[in-house]
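Report on the following structure.
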Amino acid sequence: MELITLKDIKKIYSNRNNNTFALNGINLNIQQGELISIMGPSGSGKSTLLNVLGLIDTPTEGEYFFKGKSLKEIRKNKIHKTRNDMIGFVFQYFALLKDYTVLDNVVLPLTYRKLGHKERINKAKSYLEKVGLKEQVHKTPDELSGGQQQRVAIARALVGEPELILADEPTGNLDRRTGEEIINLLLQLNKEGKTIIVVTHDIEVAKKCNRIIELVDGKITQQFKNASIFSKT
Ligand code: ADP
Ligand code: ADP
């Protein structure tokens, strides 16, 4: 089933002197259950594309369809609801709240859900257990390793039970082995049915995805399915 379609999406940043086409005519179709990587040089529009996909950024031109429905037909507060209910984000720098415990960081996205206090805590704990942090729930983020902090961020992205997980360089700040563990976790979540889109510079990460999208100057220049092109070399 089709999850997201982008039609000729442009994101233009206008300054006094010039326009930057961060995205310059993106056409993309994302099916439910896909595991996609977005690659490309610095400044090619990867983060912008992820933010547009995640409903954090609004495109300047073009049309965005979520499950076949154009966002133009969805009211703004409904768009916020779609983002909060359907999409989970994982960032390179974890973006955890330092003064909160691990558990509280993961409970936070459930604040606006119609759930009792106990249900929230239990849900957050179950996702922390899923990412292997059962013993760390009452610590603060700075008491954890980088890999553990990224796991907290993943638990936080998962707790709202989103259909789509967007990860911007989730291993960019981690050593190789810890990065692999995080990728294996994302692979496992994908096997369980989550749609995952990951921005990465790491070809080893990209190889594990069923589709690689390459961006250059705000345009999709190449797409590889099953990354088969890489296994030939
Ligand atoms: P990438 O993630 O591939 O490094 P980005 O999506 O961050 O690329 O940026 C794409 C282009 O848009 C770059 O030229 C960048 O400088 C520009 N850009 C990104 N965000 C802004 C902004 N808020 N204002 C102006 N230009 C921006
Ligand atoms: P808006 O300003 O469009 O009403 P919000 O107040 O919801 O949007 O969000 C303000 C900023 O917080 C956004 O521009 C975005 O950078 C960031 N943001 C919003 N939602 C999320 C999210 N789910 N994950 C990460 N960052 C978010």
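The values are calculated or read from the model by the stated rules, or taken from the named source; none is laboratory data. Quantities reported herein were computed from a predicted structural model and do not represent experimental measurements. Quick reminder, even Gly has a Cβ in these numbers, built from the backbone with ideal geometry, and neighbours come from all protein chains shown. Areas reflect the complete protein model, heavy atoms only, side chains present, ligands, DNA and RNA absent. Shrake-Rupley method; radii C 1.70, N 1.55, O 1.52, S 1.80 Å.
Test of understanding: among Lys11, Lys7, Lys78, which residue is more than 24 Å from Ile154 (Cα to Cα), within 16 Å of ligand 2 (Cβ to nearest atom) and in contact (Cβ under 8 Å) with a residue 40 or more places away in the chain?
Of Lys11, Lys7, Lys78, the one residue that is more than 24 Å from Ile154 (Cα to Cα), within 16 Å of ligand 2 (Cβ to nearest atom) and in contact (Cβ under 8 Å) with a residue 40 or more places away in the chain is Lys11.
Which numbered condition trips up Ser14, out of (1) among the small types (Gly, Ala, Ser); (2) modelled with pLDDT of 95 or more; (3) more than 8 Å from ligand 1 (Cβ to nearest atom)?
(2)
Of everything in the stretch 46-65, what is in contact with a helix residue (DSSP H, G or I) (Cβ under 9 Å, 6 or more places away or on another chain), open to solvent by less than 10 Å² (accessible area, probe 1.4 Å) and near ligand 1 (Cβ under 9 Å from one of its atoms)? Give them in sequence order.
Residues satisfying the conditions do not exist here.
Could you check Leu71 against (1) over 26 Å from Leu133 (Cβ atoms); (2) in contact (Cβ under 8 Å) with a residue 24 or more places away in the chain; (3) among the hydrophobic types (A, V, I, L, M, F, W, C) and say which number it fails?
With (1) over 26 Å from Leu133 (Cβ atoms); (2) in contact (Cβ under 8 Å) with a residue 24 or more places away in the chain; (3) among the hydrophobic types (A, V, I, L, M, F, W, C) applied to Leu71, the lone miss is (2).
Can you tell me how many residues in the stretch 81-116 are in contact (Cβ under 8 Å) with a residue 24 or more places away in the chain, open to solvent by 30 Å² or more (accessible area, probe 1.4 Å) and not acidic (Asp, Glu)?
Number of matching residues: 16.
Here is a list of conditions, (1) in contact with a strand residue (DSSP E or B) (Cβ under 6 Å, 6 or more places away or on another chain); (2) open to solvent by 50 Å² or more (accessible area, probe 1.4 Å), and Ile196 meets all of them except one; can you say which number that is?
Evaluating Ile196 over (1) in contact with a strand residue (DSSP E or B) (Cβ under 6 Å, 6 or more places away or on another chain); (2) open to solvent by 50 Å² or more (accessible area, probe 1.4 Å) leaves (2) as the failure.
Any idea which of Glu119, Glu143, Glu135, Glu129 is open to solvent by 80 Å² or more (accessible area, probe 1.4 Å), among the charged types (D, E, K, R) and under 23 Å from the mean Cα position of the chain (by Cα)? Reasoning before the result, please.
Working: Glu119 fails: under 23 Å from the mean Cα position of the chain (by Cα); Glu143 fails: under 23 Å from the mean Cα position of the chain (by Cα); Glu135 fails: under 23 Å from the mean Cα position of the chain (by Cα).
Checking each option against the conditions leaves just Glu129.
Inside the stretch 150-233, counting only helices (runs of 4 or more DSSP H) that do not spill past its ends, which hold 3 or more residues that are within 13 Å of the chain's Cα centre (by Cα)?
Details: elements: 176-191, 203-207, 228-231.
Where helices (runs of 4 or more DSSP H) fall fully within the stretch 150-233 and carry at least 3 residues being within 13 Å of the chain's Cα centre (by Cα), they are 176-191.
Do you know which of the residues in the stretch 20-46 that are touching a residue at least 12 places away in the same chain (Cβ under 8 Å) and among the hydroxyl-bearing types (Ser, Thr, Tyr) is nearest to Ile212 (Cα to Cα)?
The selected residue is Ser37.
Filter the stretch 62-112 down to the residues that are out of contact with any Pro (no Cβ under 8 Å at 6 or more places or on another chain) and small (Gly, Ala, Ser) and list them by number.
Gly62, Gly68, Ser70, Ala95
Could you list, in sequence order, all residues of the stretch 26-66 that are hydroxyl-bearing (Ser, Thr, Tyr), farther than 22 Å from Asp85 by Cα and within 16 Å of ligand 2 (Cβ to nearest atom)?
Thr60
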